[in-house]
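The structure appears right after this line, and notes come after that.
Bear in mind that the values in this text are calculations on the coordinates, not laboratory data. Everything numeric in this text was worked out from a predicted model, so none of it was measured. Here the Cβ positions follow ideal geometry from the backbone for every residue, glycine too, while neighbour counts run over all protein chains shown.
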Amino acid sequence: MTASTVQTAAAPAGAGQRLGIVLAACCLGQFMNVLDASVVNVALPVIAEELRLDRHHLQLVNNAYTVVVCGFLLLGGRLADLFGQRRVFLAGVGLFTLASAVGGAAHSPATLILARAFQGLGAAVMAPATLTVLGTTFTRPEARAKAFGWWSGVSGAAGAVGVLAGGAITEWLSWRWTLLINVPIGIALFVTVCCAVPRGPHRDGPRPGLDLPGAVAVTLGLMAVVCAVAEAHTYGWMSPVVLVPLVGGVALLALFVLIQARFAAHPLVPLGVFRIRSVAAANLVAFFSVAALFSTFYFFTLLLQNVLGYSPVRTGLSYLPLSAGIALGGWGVSSLVPRIGPRPVLMSGLSLSCLGLLWLARADAHATYVADLLGPALLLGFGMGAVLNATTNAATAGLPVHQAGLGSGLLNATRQLGSALGLVTLAALSAHRIDEASGPGPSASVQALASGYGLALTGAAAFTAAGLLAALAVPRACGQGGFQAFSRR
């Protein structure tokens, strides 16, 4: 399938080229967002050595990005609805590109961490805008599904590609280029968005106000919860460093719900959106599936390097089948979703992913790539590609056009929460198993690591099983407006 098939289904031939550019711009923006969450991981040891960062502050290089992205995603999605999708898209691209340049040139830990936080803010504004633009540009169900297929395939594959790119860049160039590579790409994307992305549908009447109290409560609440989860692995769940932000974050999120239900004239997240069955169920599926996928990226990397002794570049190359599987899965089911609905696609994709993870969890120090890793990577990749596509369709198709940004921001926030909470949960289980299984000698240590990583991958399979149960609640109907009609039955 090519972009031209999407164009033909969405618009007359004269507009096909422009629609193809819009699709490419949205996919590239999402690729940058997801890639940056993983590309820096491989470079962290080199960054620590050059900037003299201790373990705790080194963790902040990643957490600054993750916490800010998660905190601002809902607000970023709403901004696209209120102020125009192209304007917000451009603001996100510009901020992300500028922050990447500052981070790549950083010579102090504080500058790098601050730049990563502003990168996260740019990503939180840009990510919902990419999905909003697709949802309002490709309005026919077939074209919409194909566009979302490309976007979902790129979203999933970018995380795996980030490991490959990070290893190659760090080993052959410099860790700084893991950030600086965004600058020329960002400039090209900014120009493309200016020229090709439409302003969005015209809104009659005055623009609704922004729910500032709700925005502050949910942003600070999400940031506090994700920050607490990120620090739990270092300090433990009962530490004040974890408990204080966790309790404070939960309280702020409860306050946010109260504001939305009782006080907000123009709610940031109208709670009625969760009465749309497709939106509620698809976000639950997204939470569990992304918790499994991004945790797998982490533990698969550790398995390859710490148990099987792969170099960073070889580790990156080992991700290629997984990346290809995600891309093929997302694109391959795009024509099925409008015809049969998202539920069968979700259940099939989650079943394949669960089987792949259970197979991968059996790998030990004697595993070979062809016999023990290639098959699971392909099963997981194709299954998750299908799931990412179907959840994107289900979580946004039941919303009116003026709430497209809301649906996009909600879905992206759910995915970020899933990745953060899933990883810290499985990391705790893995660390406990490794401590229990450790023994004298290098061979025993390697076997303990393999056992711990295997338990974590089994936990990821359990997440996909939970997602499979949630998928039973996703409506069968598909297409523009179809989910709303079904949810009222």
*So, by mean Cβ neighbours within 10 angstrom, what's the order for 380-391, 216-227, 259-270, 279-290 with the highest one leading?*
380-391, 279-290, 216-227, 259-270
*What residues have an amide H closer than 5 Å to that of residue 140, excluding those fewer than 5 places away on the same chain, when H is modeled at 1.01 Å from N in the peptide plane?*
none
*Residue by residue through region 339-348, which ³J(HN,Hα) values in whole Hz follow from phi under the Karplus form 6.51 cos²θ - 1.76 cosθ + 1.60 (θ = phi - 60°), with glycine and proline marked x?*
8, 10, x, x, 4, x, 5, 4, 5, 5
*Cα-based shape type of region 236-328, given that a ≥ b ≥ c are square roots of the gyration tensor eigenvalues and the cut on a/c is 1.5*: oblate
*Tell me, what ³J(HN,Hα) does each residue in region 20-33 have, in order and in whole Hz, if you take phi through Karplus 6.51 cos²θ - 1.76 cosθ + 1.60 with θ = phi - 60° and put x for Gly and Pro?*
x, 5, 4, 4, 4, 5, 5, 5, 5, x, 5, 4, 4, 4
*Which FRET efficiency, nearest 0.05, do residue 437 and residue 111 yield, Cβ-Cβ r, R0 35 Å?*
0.30
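Trypsin sites (Lys or Arg not before Pro), restricted to region 311-399: which are DSSP loop and have at most 14 other Cβ atoms within 10 Å? Don't skip to the answer; put the middle values down first.
Details: sites: 314, 339, 362; in loops: 362.
Those that pass, being in a loop and sparsely packed, are 362.
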*Rounded to whole Hz, the Karplus (6.51, -1.76, 1.60) HN-Hα couplings of region 123-134, x for glycine and proline*: 5, 5, 7, 6, 4, x, 5, 4, 6, 5, 4, 4
